[in-house]
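Chemist: Sending over a structure as structure tokens; questions will come in a sec.
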Amino acid sequence: VMNGYSGMIWNRQVGMTPHITVRKPFSERIGDYGGLMRVLSDHPEVMGVAPFIRSEGFVRGRPEGGDPVIAGVMVRGVGPEQVLRTSDIGLYLQEGTMNLDRLSGEGKTASYGMVIGRFLADKLGASVGTDVFLVLAPKDRLMTQMPPLKRYRITGIFDTGYFEFDSGLVFVSLGAAQRDLDWGEMITGIQLRLKDPFEADRVS
């Protein structure tokens, strides 16, 4: 029984997290990464590459007939097609789709799609089509700087069976995360999916 449970957890972790992450030292941002993407894509043991932004934040929702609920989350800004090639998130979508596109509005007031885990959705009283508000609060932002509150619409709900992911991980588009953080075209890093995840040390 324990071997089976450990195997399930291993598969969830390997399927939902990149096998290799390429970043700069000291969490410096990466810009002009087109050439780097091509080099990584050409490696014979790499199946997929995806630029991403990683940040911490808070999601605010309101269960029907209840008070507002705020939950701390880890936010991944990704391209939906690329993240489907570098993770198994598509296998765990219970409701909706991996639609992270702009849904309404323009510029800084635009509303984008968001995909969240089942436990988080239940806590927020949210379902596909529900609007929530996201505040990104990266570690390098000064406490005196009030981060903006942005509206998102739940477009998909996933259930991996792994509480850490299902209760505290949200996906938004790379462009939306860059807008909310005011990062321009910068990214946190590039995540890789390998043919064999056990070869991650050697390939990296």
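Chemist: For labels at Asn99 and Thr21 in the simple 7 Å Cα→Cβ model, what's the distance in nm?
Modeler: That separation, rounded to one decimal, is 3.0 nm.
Chemist: Would you mind finding the longest exposed-site-free stretch of the chain, with exposed GluC sites (Glu not before Pro) meaning DSSP loop and at most 12 other Cβ atoms within 10 Å?
Modeler: Maximal segment without exposed cleavage sites: 107-204.
Chemist: Using +1 on the beta carbon of Lys and Arg, -1 on that of Asp and Glu, and nothing else charged, what's the dipole of the chain about the Cα centre, debye to 20?
Modeler: Details: 23 positive and 24 negative charges, 67 e Å.
Dipole magnitude for the chain comes out near 320 debye.
Chemist: To continue, here is another question. For a Förster distance of 25 Å, can you work out the FRET efficiency between the beta-carbons of Ile70 and Gln13, rounded to the nearest 0.05?
Modeler: For R0 = 25 Å, the calculated efficiency reads 0.40.
Chemist: Here is a follow-up. Work out, step by step, the length gained on full extension between Ser204 and Glu28: first 0.36 nm times the residue separation, then minus their alpha carbon distance; give nm to one decimal.
Modeler: Stretched fully, the Ser204-Glu28 segment lengthens by 61.5 nm.
Chemist: Comparing Thr109, Thr97, Thr188, which has the greatest mean-square fluctuation in the GNM of the chain with Cα pairs linked when under 10 Å apart?
Modeler: Per the Cα network of the chain with a 10 Å cutoff, Thr109 tops the list.
Chemist: How many nm separate the modelled label positions at Lys108 and Met47, each set 7 Å beyond the Cα in the direction of the Cβ?
Modeler: Label-label distance for Lys108 and Met47, simple model: 4.2 nm.
Chemist: Highest GNM mean-square fluctuation, the chain, Cα pairs closer than 10 Å: which of Gly31, Gly105, Gly96?
Modeler: Gly105
Chemist: Another question, if that's okay. Restrict the search to region 112-196; then list the trypsin sites (Lys or Arg not before Pro) that DSSP places in a loop and that have at most 15 other Cβ atoms within 10 Å of their Cβ.
Modeler: Lys139, Arg141, Lys195
Chemist: Provide Rg over Rh for region 74-139; use the alpha carbon set for both Rg and the Kirkwood Rh (inverse mean inverse pair distance).
Modeler: Values: Rg = 12.6 Å, Rh = 13.4 Å.
Result: Rg/Rh = 0.95.
Chemist: When only alpha-carbon atoms are used, what values of Rg and Dmax, in angstrom, describe the chain?
Modeler: Rg and Dmax of the chain, Cα atoms, are 17.1, 54 Å.
Chemist: What spacing in nm lies between the two simple spin-label points modelled at Asp182 and Asp88, each 7 Å away from Cα in the Cβ direction?
Modeler: For Asp182 paired with Asp88, the spin-label model returns 4.1 nm.
No lab work stands behind these numbers, since they all come straight from the coordinates. Just so it is clear, the structure is predicted and the values come from calculations on it, not from any experiment. Counting neighbours? That spans all protein chains shown, and the Cβs are built from the backbone with ideal geometry, glycine included.
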